[in-house]
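Asks: One structure, as structure tokens, below. Some questions next.
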Amino acid sequence: MRVLIIVPTLNAADIIDAQLSKFSHLNRKVDVLIIDSSSEDETIDIVKIYGYKYRVIKRDEFNHASTRNIALEYKDYDFYLFMTQDALPCDDTLIEDISKPFEEDDVVVSYARHIPYRGADKIERFARAKNYPKESMIKSKDSLFKLGVKTFFSSNSCAMYRASYFRELGGFKDGVIMNEDMEFASRAIMSGKKVYYNANARVYHSHIFRTRDIFMRYFDIGVFFRTNGAISDYLKELEGAESMGIKQAKEELYYLWNKQKDLIPKSIWFSLNKYIAFKFGYHYSKFPKFVRKFFSLHKNWHR
């Protein structure tokens, strides 16, 4: 089993050494491809020390889908493991654990459970637990009535793809500004394949968000759902992204009421920003040209 780990990077010198060190200690030998967006720090110097493959692209060429599709050039691999620079394997058995579901032929994606870093607050811990629970789950077309849009939920921070099927579909959809993993999962699932949420494969991964981070992320999510209408078509009469988001915001408030009440104002503020940003992104094409230009300045700001 040949595995290629693909990690897009940008100014990752302060964290990439820990990740590459973990890769070198995995029980299974893997190859690593770093795709760097012209970092201004020592990211590539650190990669060279480990002897891993790397590719440097212009920063304005980065795209969540197209950049990761560079993996398609590497045809001698059985599996592609896409990760982000801030995801760290929890143990040395990541490859064995995340690849186990591929024993079933119809499984084409296996994505890992996210464990929050020590400094994560209760809001972020709730999000990790909600989106990446303790129990594994296999998702197919039959999951739509139970899970709604969550049927297509995946992860670009740690997800393994069956390389032959990834190549068959032509990789991620070019030009997708984010949620490229969800768009791929929707095509796979609606064609009869399965996506496996693998709670046994674990990585440390969480965020410390500012208001701007929240707004820009959910603006992009709104754009994504507007420009990928096929997903909304699949979900007619089912629970979609907006209603699912409102439901999760309510559950988060209930969680904080029992765990840490002083974070409730922050939760409400973030939820309000998410909702407004999603609406703005969804109706982005209706904005005047100068407004669209302003929002385009942040294009692909997050990895």
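Asks: Past the 21 Å Cα-Cα mark, which pairs from 29/193; 122/274; 139/274; 53/173?
Replies: 29/193; 139/274; 53/173
Asks: If the cut-off is 20 Å between C-alpha atoms, which aspartates and glutamates fall inside it for residue 261, apart from same-chain ones fewer than 8 positions away?
Replies: In chain and number order, the partners are 121, 124, 251, 252.
Asks: Assuming 0.36 nm per residue, please report the length gained on full extension of the stretch residue 29 to residue 92 beyond their Cα-Cα distance.
Replies: Working it through step by step, the gained length comes to 21.6 nm.
Asks: Between residue 268 and residue 200, with labels modelled 7 Å along Cα→Cβ, what's the label distance in nm to one decimal, could you check?
Replies: So the two model labels end up 4.5 nm from each other.
Asks: So what's the back-of-envelope 222 nm ellipticity for the chain, counting only DSSP H runs of four-plus at -39500 (n - 2.57) apiece and dividing by all residues, rounded to 500? Could you put the intermediate results ahead of the total?
Replies: Numbers: 13 runs with 131 residues, N = 303.
When only DSSP H runs of four or more count, the value is -12500 deg cm²/dmol.
Asks: Here is a further query. Using a simple spin-label model with points 7 Å from Cα along the Cα→Cβ vector, what separation in nm is obtained for residue 2 and residue 21?
Replies: Simple spin-label model gives 3.0 nm for this pair.
Asks: Next up: Over the stretch 3-204, calculate the relative contact order: mean separation of alpha carbon pairs under 8 Å at least 6 apart, over the residue count, as a percent.
Replies: Value for the stretch 3-204: 28 percent.
Asks: Can you tell me the FRET efficiency between residue 146 and residue 50 if r is taken as the Cβ-Cβ distance and R0 is 41 Å, rounded to the nearest 0.05?
Replies: Details: r = 43 Å, r/R0 = 1.05.
Calculated transfer efficiency: 0.45.
Asks: Roughly what would the spin-label model give for residue 41 and residue 164, points 7 Å off Cα along C-beta, in nm?
Replies: 4.1 nm
Asks: Then there's this: Multiplying the sequence separation of residue 279 and residue 212 by 0.36 nm and subtracting their Cα-Cα distance, what value in nm do you get?
Replies: Full-extension gain reported as 22.6 nm.
Asks: So how much slack lies between residue 253 and residue 13, counting 0.36 nm per residue of separation and subtracting their Cα-Cα distance, in nm?
Replies: Fully extending the segment from residue 253 to residue 13 adds 82.8 nm.
Asks: Would you mind getting me the FRET efficiency between residue 105 and residue 261? Use the beta-carbon distance for r and R0 = 45 Å, nearest 0.05.
Replies: Values: r = 49 Å, r/R0 = 1.09.
Step by step, r from the Cβ atoms, then E = 0.35.
Asks: Among the listed pairs 100/259; 58/100; 48/75; 266/286, which have their C-alpha atoms separated by more than 26 angstrom in this model?
Replies: 100/259; 58/100; 266/286
Asks: Separate question: Sort 1, 160, 182, 244 so that the residue with the fewest other Cβ atoms within 10 Å of its own Cβ comes first and the one with the most comes last.
Replies: Final ranking by Cβ density, sparse to dense: 1, 244, 182, 160.
Any read-out appearing in this document is the output of simple, stated calculations on the displayed coordinates, not a laboratory observation. This is a predicted model, so every value here is computed, not measured. Here the Cβ is made from the backbone with ideal geometry for all residues, glycine too, and neighbour counts use every protein chain on show.
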